[in-house]
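Asks: Before anything else, here's the structure in question.
Here, each number is a calculation from the coordinates, and none is a lab measurement. On a predicted model such as this, the values are computed, not experimentally measured, just so you know. Virtual Cβ from ideal backbone geometry, glycine too; neighbours counted across all protein chains shown.
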Amino acid sequence: MSHDPVARFPAPLGAPPRFEPEYPAPRETSRPPAPQKPRVWLHLVLFGLTALSMQVTAMNSNLPPKGHTLLGYSAYQAVSLIGILLVHELGHYIAARLHRVPASPPYFLPLPWVGLFGTLGAVIAMNDRIRSRKALLDIGAAGPIAGMLVALPVLYFGLTLSEVTPRTPGHYIQEGQSILYWLMKRLVFGPIDGNHDVQLHPMAFAGWGGLFLTMINLLPWGQLDGGHIAFALFGKAQYGFARWFRRGLLLAFAYNLYVFVLPAALGRSSQSIGEAAMNSAFWLIWYGITGGMARLSGEDHPPFEPGPLGLGRKVVAVACLILFVLLFLPTPVAVY
């Protein structure tokens, strides 16, 4: 910009143009900050710690059948799931590099002894917001699409290694039932009556975990993958859609209160009210998480530069939103 102290004010209509010096100062340009050199050792250490954390978690939750060691049987779960996560994040990373958007390699996040998987997933860091509408969609969609290309075969082959048995009468954990997960079970086993269920092989559980984590990433909110995709598709209209979606999380919470807490309070369930409340809390927690995200990075998605979105990319965006619906879990996990 000019160093003329009045240059920021427009000249009156019809006035002669302002004098510009013969050698004006260079104009400032908006350039993304240079990417920091990746610390390869840190990425490798986090990857190794996450793999170890996932293996330990799998060993704590699996009982190997005869002829299998605990280490080897649990590795089906840990290796399959970390493979899904790795491909998901590489999808983001490669798409960012293709669009010349500065991005770090994936940071894997270990979470030992807590939760179902032993990890909080993985993230890539970007030094600047994504300015191109096409890049925003491509980077946001590349991760879920790449991850699903691995998760679905893992789930299918894992289900072929699983078996249908009568429901366990005692304490057990019931994984959530999305439309796509139900269709995959139907494809492998055919109809399953209400008194039976699939006892998941560790590879099948990893496949279900891949669907679950993809569903979380596709939530159409803020800086999540689904938020990028929805904002690239709808533009500023996504601001209103995102607010209504966040309120919808409270409806999912209310649904689970009706399913679990109300029967427990009326004495019509074997669960205690505390156990029923734990089964109901997931979407309330995510209502809080999205609120925290809004405080940290703003409630509205950062804008992109004007530009058209071709038919092919619109089809990809709509397909990703449909995929979210197919993956949505009204009750992600229930303990009985």
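Asks: What's the local net charge at Tyr239, with K and R +1, D and E -1, over the other residues with C-beta under 12 Å away? Numbers along the way, then the final one.
Replies: Values: positive: Lys236, Arg243, Arg246; negative: Glu299, Asp300.
Charge balance in the 12 Å sphere: +1.
Asks: Given labels modelled 7 Å from the Cα in the Cβ direction, how far is it in nm from Ala319 to Asp193?
Replies: Result: 4.0 nm between the two label points.
Asks: Exposure proxy check: Lys66, Lys314 ranked by fewest other beta carbons within 10 Å?
Replies: Lowest to highest Cβ neighbour count: Lys66, Lys314.
Asks: Where does the charge balance sit around Ser162 when Lys and Arg score +1, Asp and Glu -1, over other residues with C-beta under 14 Å from its C-beta?
Replies: Summing Lys/Arg as +1 and Asp/Glu as -1 gives -1.
Asks: Counting only helical runs of four or more DSSP H residues, what would the 222 nm mean residue ellipticity of the chain come to if each run contributes -39,500 (n - 2.57) and the total is spread over all its residues? Before the final figure, lay out the partial values.
Replies: Numbers: 11 runs with 181 residues, N = 336.
Per the formula, -18000 deg cm²/dmol.
Asks: Please compute one quarter of the surface area of the Cα convex hull for region 237-302 and express it in square nanometres.
Replies: Numbers: hull surface 18.6 nm².
Average of the hull's projected areas for region 237-302 equals 4.7 nm².
Asks: What FRET efficiency comes out for Trp41 versus Tyr172 if R0 is 41 angstrom and r is the Cβ-Cβ distance? Round to the nearest 0.05. List each step's numbers first, then the result.
Replies: Working: r = 42 Å, r/R0 = 1.02.
Efficiency at R0 = 41 Å is approximately 0.50.
Asks: While we're here: Out of these labelled values of Rg and Dmax of the Cα atoms in Å, (1) 24.5, 92; (2) 20.4, 71; (3) 18.7, 67, which was calculated from the coordinates shown here?
Replies: (1)
Asks: Could you list Ile273, Ile229 in order of exposure, starting from the residue whose Cβ has the fewest other Cβ atoms within 10 Å?
Replies: Result, fewest neighbours first: Ile273, Ile229.
Asks: Could you please rank Tyr287, Tyr172, Tyr73, placing first whichever residue has the fewest other Cβ atoms within 10 Å of its Cβ?
Replies: Ranking Tyr287, Tyr172, Tyr73 by Cβ neighbours within 10 Å, fewest first, gives Tyr172, Tyr287, Tyr73.
Asks: On a full-extension model of 0.36 nm per residue, what is the gain between Arg247 and Trp113, subtracting their alpha-carbon distance, rounded to one decimal in nm?
Replies: Here the segment from Arg247 to Trp113 would lengthen by 45.1 nm.
Asks: On to the next question. Starting from the amide H of Thr119, placed 1.01 Å from N in the peptide plane, find each other amide H under 5 Å away whose residue is 5 or more places distant or on another chain.
Replies: Amide H neighbours of Thr119, under 5 Å, 5+ apart: Leu111.
Asks: Follow-up. I need the helices of the chain that pass two filters: whole DSSP H segments spanning 27 Å or more by Cα along the axis, and mean Kyte-Doolittle score no lower than 0.0.
Replies: TM-like helix candidates: 40-61, 70-98, 133-160, 237-256.
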